[in-house]
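The values are calculated or read from the model by the stated rules, or taken from the named source; none is laboratory data. Please read all numbers here as calculations on a predicted model, not as lab measurements. Heads up, the Cβs are rebuilt from the backbone with ideal geometry, glycines too, and the neighbour counts pull from every protein chain shown.
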Amino acid sequence: MGASVPLVSSLTEVSGENPDAMPASMPEVADILVAYLEQMGVEYVFGIPGGAIEPLYNAIARSSRRGGIRHILARHEAGAAFMADGYARESGKIGVCCSTSGPGATNLITGVACAYDNNIPLLVITAQPALPAFGKSPLQESTCTGIDTLSMFRHCTRYNSLVSHPKQMEAKLVSALQRAIRTPGGPSHLTFPVDVFRSPSPNAVPSYDLQNLLAPSSMVDDDAIETLSAMLFEARHIVLLIGGWCGEAIGSILQFAAMRNAVIVTTPDGKGLVNPQHPQFRGVFGFGGHASAERALREKSVDLILAIGTSLGEWNSGGWSESLLNDRLVHIDESEEHLARTPMARLHGRGRILSVFNRLNERFRSRNNSGDPEEERKLNNGQWTPHHMLAQPDKFESNATPIKPQRLMRELGLMFPATTRFLADTGNSVSWAVHYLHPVVDRRIGERRFGGGTRKICPGLRKADGGWLRVTMNFASMGWAIGGAVGTAAANPDLPVVCITGDGSVLMNGQEISVAVAEKLNVIFVVLNDRALGMVKHGQRLAGAEPIGCDLPPTDFAMLARALGAEAHTIRSPQDLAALDVAAMLARKGPTLLDVLIDPDEVPPMNVRMRVLANDL
């Protein structure tokens with residue numbers, strides 16, 4: 001799908017269409033839009049159809065028949081945005097979601113806002129009634145004279161525009177894609193009146209070559225590299241804080257860590273990029289994190305703390321902890337928005353993280369300052385394991401019934417293969433997973449190659465390595481992981497996907513499990529069933545607040561999943577988990593749900609959040 005797909009012949013192949021309705025040499029605007037998505041290698045559009053967006057669906061149907069893009073039908077538009085988010089994280093391509101006008105567009109906004117606050121590149125396409133109907137109160141009007149959805153999207157998109165003429169489409173689409181993909185990245189929104197969508201395109205084929213327009217730049221601040229190199233050569237003890245935006249650079253970063261024997265900690269969204277068994281890893285700093293990571297940052301002998309590829313919001317800065325945000329900090333990122341949050345840093349290094357660390361590695365190699373990753377493993381062997389990080393290691397091994405969530409995380413890490421993608425939902429799920437989920441992952445301990453060796457970048461392809469654990473920071477929408485897991489599995493159906501979610505999130509967005517059934521996607525949904533909005537409940541108890549609005553009625557999620565067409569099991573104890581036929585679950589062409597009745601009295605590691613709420617920071 002790297003080149004433009006011929007459109008002319010496809011227009012007369014649509015069942016039920018009159019081939020004389022439009023000259024074969026004049027594809028519709030919607031066809032050209034879809035052709036650009038094909039050029040980028042996009043495989044799926046996630047959405048829900050409606051009258052105003054029907055021309056786009058016709059174009060997708062034509063594309064699908066010739067082996068191009070397929071549509072995946074969500075059950076709610078927010079779910080479509082979450083799916084596009086998961087697809088983008090896994091594939092490294094732009095995620096595409098769409099809706100019709102009016103409530104279809106407003107339903108999208110939560111998922112789009114979540115992607116915006118997490119810098120996930122999406123193309124969001126919505127529809128409008130025909131231009132002559134603007135202001136006449138047509139059905140589901142969402143124009144400037146109705147419920148103005150264009151204005152709503154302005155606050156959660158990188159680019160936002162109404163395409164009011166066929167000749168605008170290509171230029172605005174290219175601008176939208178560039179803004180979505182360029183750092184800091186995020187969703188771009190285009191809205192089309194239905195008559196513009198179905199208008200003949202001014203061009204029979206796409207005019208632009210996205211291969212060049214969207215190729216990632218390797219920009220590096222050379223002056224900052226010079227200054228940073230001098231600081232690093234003088235430093236004796238270095239800590240690396242690895243954030244979620246280090247995906248494509250993680251090999252080079254681990255290589256640097258091995259050469260300098262630097263201590264490694266991660267943010268919650270960066271945990272999935274590092275092997276938990278890495279001898280230099282000291283845990284997660286921030287929400288759900290580990291005291292060992294905090295101690296590593298507070299160590300007085302540390303000369304420099306390199307925060308890499310992280311936005312340093314509340315959850316991934318330990319609630320703006322002074323142990324990190326001080327004059328030992330060096331902040332390296334591609335995004336000026338992220339760098340602006342650390343005015344106290346000794347140095348800001350802006351540039352593509354892969355290029356920055358390739359250059360640093362070459363400089364340290366030239367000074368014969370390279371270490372041996374194998375030797376580092378020997379030095380640390382037996383002295384450090386993930387167990388050293390855990391707040392309650394006894395409960396990690398507990399045989400109690402109902403099952404302890406700590407023990408559940410242990411078992412999930414052991415049950416599934418190294419290639420598994422774990423997604424942890426907002427709420428208790430993310431705090432338990434960030435702290436206690438430690439799979440035996442088959443990732444590199446260090447990277448021995450110098451100066452590149454990376455894969456060829458396709459149009460719009462960037463940061464494809466989302467790691468073994470994916471979480472959402474900042475906006476933190478409940479139910480994100482349910483749709484995100486569907487999008488992840490669609491992007492890479494050959495690998496297992498495990499969605500760790502809560503009972504509240506399932507009651508909010510669990511209908512998207514039906515999409516995994518329809519698409520025959522191998523997703524294991526693990527529901528932490530404690531009959532409550534767990535983070536709310538425990539937060540109220542810890543803060544001494546009124547216990548209100550957090551209790552949920554007993555719900556049989558296994559029965560609910562079976563009603564949707566999924567396989568399901570109820571889990572009450574570690575023995576129930578041990579009895580599962582994991583191989584059969586992973587071989588299924590479809591989802592499985594585990595309704596896990598966890599101990600409702602176990603308090604998740606959420607001290608960072610409580611500290612922030614108590615101090616009104």
Subject >> Selection within the stretch 303-336 - farther than 20 Å from I120 by Cα and of a type in the set (S, T, Y) >> reply: S321, S323
Subject >> Considering residues of the stretch 217-256 that are among the aromatic types (F, W, Y) and touching a strand residue (DSSP E or B) at 6+ places or on another chain (Cβ under 9 Å) only, the residue farthest from L297 (Cα to Cα) >> reply: W245
Original post:
Does any residue in the stretch 137-151 that is on the phi > 0 side of the Ramachandran plot come within less than 8 Å, Cβ to Cβ, of a residue that is assigned to a helix (DSSP H, G or I) six or more places away or on a different chain, and which pairs are these?
Top reply: Q140/P103; Q140/G104
**OP:** Within the stretch 313-334, identify whether any single residue is of a type in the set (D, E), in a helix (DSSP H, G or I) and either touching a residue at least 60 places away in the same chain (Cβ under 8 Å) or surrounded by fewer than 21 Cβ atoms within 10 Å (Cβ to Cβ) (or both), and answer yes or no.
**Re:** no
Original post:
Which residue pairs have Cβ atoms under 8 Å apart, sit 6 or more places apart or on different chains, and have a first residue in the stretch 267-279 that is part of a helix (DSSP H, G or I) and a second that is charged (D, E, K, R)?
Top reply: D269/R470; G272/R470; L273/D465
**OP:** Scan the stretch 294-312 for residues that are touching a Ser or Thr at 6+ places or on another chain (Cβ under 8 Å) and either surrounded by fewer than 24 Cβ atoms within 10 Å (Cβ to Cβ) or not in a strand (DSSP E or B) (or both) and jot them down.
**Re:** E294, L297, R298, T310, S311, L312
Original post:
Of all residues in the stretch 475-485, which are in a helix (DSSP H, G or I) and surrounded by fewer than 24 Cβ atoms within 10 Å (Cβ to Cβ)?
Top reply: none
Original post:
Of all residues in the stretch 390-419, which are in contact (Cβ under 8 Å) with a residue 40 or more places away in the chain, in a helix (DSSP H, G or I) and farther than 16 Å from I598 by Cα?
Top reply: M415
**OP:** Take the stretch 214-245 and flag every residue that is outside any strand (DSSP E or B) and of a type in the set (V, I, T).
**Re:** I225, T227
Original post:
How do the helices (runs of 4 or more DSSP H) wholly within the stretch 505-617 filter down when requiring 3 or more residues that are touching a residue at least 24 places away in the same chain (Cβ under 8 Å), farther than 30 Å from V284 by Cα and not small (G, A, S): which remain?
Top reply: 513-519, 557-564
Original post:
Taking the stretch 520-533 as the search range and keeping residues that are under 15 Å from P553 (Cβ atoms) and either touching a Cys at 6+ places or on another chain (Cβ under 9 Å) or of a type outside the set (D, E, K, R) (or both), which one is surrounded by the fewest Cβ atoms within 10 Å (Cβ to Cβ)?
Top reply: A532
Original post:
When you go through (1) within 30 Å of R260 (Cβ to Cβ); (2) touching a Gly at 6+ places or on another chain (Cβ under 9 Å); (3) of a type in the set (A, V, I, L, M, F, W, C) one by one for L232, which number turns out not to apply?
Top reply: (2)
**OP:** Please work out if D551 is surrounded by 11 or more Cβ atoms within 10 Å (Cβ to Cβ), at pLDDT 95 or above, within 19 Å of D599 (Cβ to Cβ) and acidic (D, E).
**Re:** no
**OP:** Please state which one of T472, T488, T501 is of a type outside the set (A, V, I, L, M), part of a helix (DSSP H, G or I), in the same structural domain as H438 (by TED's automatic domain parsing) and under 23 Å from the mean Cα position of the chain (by Cα).
**Re:** T488
Original post:
Among I238, I250, which is outside the structural domain of Y116 (by TED's automatic domain parsing) and closer than 30 Å to Y159 by Cβ?
Top reply: I250
Original post:
Of all residues in the stretch 98-123, which are hydrophobic (A, V, I, L, M, F, W, C) and more than 16 Å from the chain's Cα centre (by Cα)?
Top reply: C98, A105, L108, I109
**OP:** With the condition kept exactly as written, say whether any residue in the stretch 14-26 is aliphatic (A, V, I, L, M) and at pLDDT 50 or above.
**Re:** yes
Original post:
Do any helices (runs of 4 or more DSSP H) lying entirely in the stretch 107-210 carry at least 2 residues that are closer than 29 Å to G466 by Cα and in contact with a Pro (Cβ under 7 Å, 6 or more places away or on another chain), and which ones are they?
Top reply: 169-181
